[in-house]
Amino acid sequence: MSISMEFLFATGIGWVVAVGIYLLLRGRSFVVVLGLSLIGYAVNVFIFTMGRLWSAAPPILGAKESITDPLPQALVLTAIVIGFATTGFVIELALRSRHDSGSDHVDGKPDAAEPR
Amino acid sequence: MNWLHTHLPILPVLLPSATAIVLLLLGDHGGDDASHGHRKLLWARRLALASVLSGLIISAALVYVAAGGELRAYLVGEWPAPYGIAIVIDRFSALMLLLTSLVALPVLWYATGGWDAHGRYFHALFQFQLMGLNGAFVTGDLFNLFVFFEVLLIASYVLMVHGQGAARFRVGLHYVVLNLAASALFLIGVSLLYAKTGTLNLADLALRVPKIEGPDAAVVQAAAWLLLVVFGFKAALLPLSLWLPATYAAACAPVAALFAIMTKVGVYSIWRVHGVVFGADAGASAYTVEPLLLPLALGTSVLGVLGALAAHTLERLVAWLTVASVGTVLVALALFNADAWSAGLYYMANSTLVIAALFLLAELVAAQRGDAADRLVPATPVAQPALLGGLLLLTAASASGLPPLPGFIGKLMLLEASTAHTWQIAVWVTVLGVGFLTLIGLARAGSIMFWHVRTDLPEGAASGASPKLIGATLLLIAATVAMSVFAAPIERYTAAAALQLGDRAAYARAVLGARGEATETTRPYTGRVDAPAGAASAGGPR
């Protein structure tokens, strides 16, 4: 039995987003950041696949008869760079918030208030 | 001068970014403990003010050019649209640029009164924020819109926590996480649109979307709904508006006043994408979001004013009024006719200035009330009751729409435009009711703070606000009053802007050139260098 590439991608992205959303809804800021990162990865793969899935087709004009769409790849590069920077920022902000409020909770609640 | 005329459209983006870089290179005064008279801080102030003033002149020049009806498309590096980066200045964009500068100049002047010394790199971040705002208003491409969104957001994340404190960091973390989640949705919406249309250029999209039918149209409409969630989040549309009051009330006054224009980026994007691309003449996708947008906009207005009535602090009250005013603007947008859009543009310009002035005023009042600060409880009398009370009365009257102030003119235009619409009664009841409740909310706040004073408390050491802070606030209020005095020419401009906004053919001609008139622009990519449009499956997506 062979699984089509489209099915693999669709379920894979769906699974990662589901995990990301679950983590995003947790109470600790570190876990929330992990969730955001996972969603970011899934979105990047999603953008990539929106140029359709091709095999043996480089994004270079004239290299072969069939070429893949280079634009989503350019878009995904931009999205990766922006996602990387914002993730770095949110981690720093979470650390600072943790330092100031003395708790890793997203609402700054004391540690005892949150069952682990 | 010819060179300047050619490159004028890109200057609103280049000027703040260049200024920001110079400000970064100039360095920082080193944080809280520095005295206000630090040499680097003085130079940063001069440079930032000069840059914002030049920005005001540039945007005024662009409004002047756009008022003549010319639609300027600037192709960066002469790469032809839809492949390169297109900057488009029409009346709407120019108006938003001018509005941004009009808010930024007094707010920056106010910030030089001391707030800019309470943290690091305030001026550089302020310029980056302006770069993002201006870029979002001039770009003609959906992906560049995303990029400029991120630029203005990352600047706003840092400005939001400017001045620091545990409360700002806590709310700031919420704000950042929510915005990052919204950005992910933005990317999904954008790539869905690209998958079905093969383009992200707004002019090209406006030509492509009407041609999409059948199951593909459903995908494109799903993308439109996703984008509505994203833009609605920025604009604080009903179910997504609860983050705004907490965030804006926590930010320091000049930052909150600058953020008054940031919600309008969301409104602007809804206008461009859902008002035009998915608006009238969009074939199977025409009026995609209309059935939900109008009720949600009305609900946003009502929620905003109820929040304002329930607010315990003046800053939170003003933040809720921001939500109410956005709701009114979105009502105008959701009516989908040129008269209503003109009213919406006029009201948006006025309400942004009024809200910004109210944020500054709230802090001026709070600073003179001793320990009570901006909480709405009886406290020591303010040092300048006549001046601040008078200004609050003026802005309150404008915010609630009392004649002859511009809030009244905007709402009157909106009410006139909604006649004969099926939702006319709902629009009239909501707009008038919200105006009335706004007045009650502000009157309650004003009477507690200025009349219901306690003389038993020890006199605070509060002296009057410095002339600079008062002057900056006065400048904003003067701008709103000027909108009333020059209502006729401004109304002519917004009416022309609304008509131009709806004319997707003229927009496409200006951006895409002669190809804009051809039936086929960009098509979804097939993987073949020279394959005809129909023979997509020959190579086979695999």
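The values are calculated or read from the model by the stated rules, or taken from the named source; none is laboratory data. Here the structure is a predicted model, which means the values were calculated and not measured. Cβ: placed from backbone, ideal geometry, glycine included. Neighbour counts: every protein chain shown.
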Can you pull out every residue in segment B:335-346 that is part of a helix (DSSP H, G or I) and over 12 Å from the mean Cα position of the chain (by Cα)?
B:ALA338, B:ASP339, B:ALA340, B:TRP341, B:SER342, B:ALA343, B:GLY344, B:TYR346
Pick from segment A:61-71 the residues that are under 25 Å from the mean Cα position of the chain (by Cα) and more than 7 Å from chain B (Cβ to nearest Cβ): which of them is nearest to B:SER191 (Cα to Cα)?
A:LEU71
Here is a check on your reading of the model: is B:LEU159 within 18 Å of B:PRO16 (Cβ to Cβ), assigned to a helix (DSSP H, G or I), more than 7 Å from chain A (Cβ to nearest Cβ) and not basic (Lys, Arg)?
yes
So which pairs qualify, if the first residue must be in segment A:54-82 and of a type in the set (Val, Ile, Thr), the second must be assigned to a strand (DSSP E or B), the Cβ gap must be under 9 Å, and the two must be at least 6 apart or on different chains?
A:ILE67/B:ARG528
Flag if B:ALA357 is surrounded by 24 or more Cβ atoms within 10 Å (Cβ to Cβ), small (Gly, Ala, Ser), under 20 Å from the mean Cα position of the chain (by Cα) and part of a helix (DSSP H, G or I):
yes
So B:ARG170 passes all but one of these: (1) over 25 Å from B:LEU303 (Cβ atoms); (2) modelled with pLDDT under 90. Which condition number does it fail?
(1)
Taking the condition out of contact with any His (no Cβ under 9 Å at 6 or more places or on another chain), of a type in the set (Asp, Glu) and more than 19 Å from B:VAL276 (Cβ to Cβ), does B:ASP216 pass?
yes
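Need at least 3 residues that are within 20 Å of B:ALA136 (Cβ to Cβ) and in contact with a Ser or Thr (Cβ under 9 Å, 6 or more places away or on another chain) per element, so show me which helices (runs of 4 or more DSSP H) inside segment B:234-322 make the cut, counting only ones lying wholly within it. Let's see the steps before the verdict.
Working: elements: B:243-250, B:253-270, B:290-310.
Hits in segment B:234-322: B:253-270.
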Which numbered condition A:LEU36 fails, given (1) assigned to a helix (DSSP H, G or I); (2) surrounded by fewer than 21 Cβ atoms within 10 Å (Cβ to Cβ):
(2)
Can you tell me which residues in segment A:44-60 are within 7 Å of another protein chain (Cβ to nearest Cβ) and farther than 17 Å from B:VAL219 by Cβ?
A:TRP54, A:SER55, A:ALA57
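From B:LEU469, B:LEU442, B:LEU476, B:LEU415, which residue is farther than 26 Å from B:ARG316 by Cβ and surrounded by 14 or more Cβ atoms within 10 Å (Cβ to Cβ)? Please lay out each step first, then the result.
Numbers: B:LEU469 fails: farther than 26 Å from B:ARG316 by Cβ; B:LEU442 fails: farther than 26 Å from B:ARG316 by Cβ; B:LEU476 fails: farther than 26 Å from B:ARG316 by Cβ.
Of B:LEU469, B:LEU442, B:LEU476, B:LEU415, the one residue that is farther than 26 Å from B:ARG316 by Cβ and surrounded by 14 or more Cβ atoms within 10 Å (Cβ to Cβ) is B:LEU415.
Out of the residues in segment A:22-43 that are of a type outside the set (A, V, I, L, M) and more than 7 Å from chain B (Cβ to nearest Cβ), which is nearest to A:ILE91 (Cα to Cα)? Walk me through it before giving the result.
Pass one, segment A:22-43, residues of a type outside the set (A, V, I, L, M): A:22, A:26-30, A:35, A:37, A:40-41.
Retained after the next criterion (residues that are more than 7 Å from chain B (Cβ to nearest Cβ)): A:22, A:26-28, A:30, A:35, A:37, A:41.
Values: A:TYR22: 18, A:ARG26: 16, A:GLY27: 15, A:ARG28: 12, A:PHE30: 8, A:GLY35: 12, A:SER37: 11, A:TYR41: 17 Å.
Filtering first and then ranking leaves A:PHE30.
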Being assigned to a helix (DSSP H, G or I), more than 24 Å from B:TRP225 (Cβ to Cβ) and within 20 Å of the chain's Cα centre (by Cα) is true for just one of B:ALA332, B:ALA349. Which residue is that?
B:ALA349
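Does B:LEU180 satisfy the criteria of being under 28 Å from A:ALA18 (Cβ atoms), in contact (Cβ under 8 Å) with a residue 12 or more places away in the chain and within 23 Å of the chain's Cα centre (by Cα)? First the steps, then the outcome.
Working: under 28 Å from A:ALA18 (Cβ atoms): yes; in contact (Cβ under 8 Å) with a residue 12 or more places away in the chain: no; within 23 Å of the chain's Cα centre (by Cα): yes.
Against the criterion (under 28 Å from A:ALA18 (Cβ atoms), in contact (Cβ under 8 Å) with a residue 12 or more places away in the chain and within 23 Å of the chain's Cα centre (by Cα)), B:LEU180 does not qualify.
Which of the residues belonging to segment B:184-233 are among the polar types (S, T, N, Q) and either part of a helix (DSSP H, G or I) or at pLDDT 95 or above (or both)? Explain how you work it out, then say what you get.
Filtering segment B:184-233 for residues among the polar types (S, T, N, Q) gives B:191, B:197, B:199, B:201, B:221.
The answer is B:SER191, B:THR197, B:GLN221.
Inspect all residues belonging to segment B:222-244 and state whether any of them is under 22 Å from B:PHE122 (Cα atoms) and touching a residue at least 40 places away in the same chain (Cβ under 8 Å).
At the first step, the residues of segment B:222-244 found to be under 22 Å from B:PHE122 (Cα atoms) are B:244.
Now restrict to residues that are touching a residue at least 40 places away in the same chain (Cβ under 8 Å): B:244.
Yes, because at least one residue in segment B:222-244 is under 22 Å from B:PHE122 (Cα atoms) and touching a residue at least 40 places away in the same chain (Cβ under 8 Å).
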Find the residue count for segment B:105-134, including only residues that are modelled with pLDDT under 95, among the small types (Gly, Ala, Ser) and either under 12 Å from the mean Cα position of the chain (by Cα) or over 14 Å from B:LEU360 (Cβ atoms) (or both).
3
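Residues checked against (1) of a type outside the set (Asp, Glu); (2) more than 19 Å from B:GLN164 (Cα to Cα); (3) touching a Phe, Trp or Tyr at 6+ places or on another chain (Cβ under 8 Å); (4) in a helix (DSSP H, G or I):
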{"residue": "B:ARG120", "(1), (2), (3), (4)": "yes, no, no, no"}
{"residue": "B:HIS123", "(1), (2), (3), (4)": "yes, no, no, yes"}
{"residue": "B:GLN129", "(1), (2), (3), (4)": "yes, no, no, yes"}
{"residue": "B:GLY132", "(1), (2), (3), (4)": "yes, yes, yes, yes"}
{"residue": "B:PHE137", "(1), (2), (3), (4)": "yes, yes, yes, yes"}
{"residue": "B:VAL147", "(1), (2), (3), (4)": "yes, yes, no, yes"}
{"residue": "B:GLU150", "(1), (2), (3), (4)": "no, yes, no, yes"}
{"residue": "B:ILE154", "(1), (2), (3), (4)": "yes, no, yes, yes"}
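The rows are residues; the columns are (1) surrounded by fewer than 24 Cβ atoms within 10 Å (Cβ to Cβ); (2) out of contact with any Lys or Arg (no Cβ under 7 Å at 6 or more places or on another chain); (3) of a type outside the set (Asp, Glu); (4) within 9 Å of another protein chain (Cβ to nearest Cβ).
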position	(1), (2), (3), (4)
B:VAL107	no, yes, yes, no
B:HIS118	yes, yes, yes, no
B:TYR121	yes, yes, yes, no
B:PHE149	no, yes, yes, no
B:GLN164	yes, yes, yes, yes
B:VAL171	yes, yes, yes, no
B:VAL177	yes, yes, yes, yes
B:LEU192	yes, yes, yes, yes
B:LYS211	yes, yes, yes, no
For A:LEU75, are the conditions met, namely being facing another protein chain (nearest Cβ under 9 Å), closer than 25 Å to B:LYS196 by Cα, in contact with a Phe, Trp or Tyr (Cβ under 7 Å, 6 or more places away or on another chain) and part of a helix (DSSP H, G or I)?
yes
Among (1) more than 9 Å from every other protein chain (Cβ to nearest Cβ); (2) within 24 Å of A:LEU77 (Cβ to Cβ) - the single one B:GLY198 does not satisfy:
(1)
Flag for A:TYR22 being surrounded by fewer than 15 Cβ atoms within 10 Å (Cβ to Cβ) and either in a helix (DSSP H, G or I) or of a type in the set (A, V, I, L, M, F, W, C) (or both)
yes
If we keep just the residues of segment A:39-60 that are touching a Phe, Trp or Tyr at 6+ places or on another chain (Cβ under 8 Å) and outside any helix (DSSP H, G or I), which is farthest from B:SER191 (Cα to Cα)?
A:LEU53
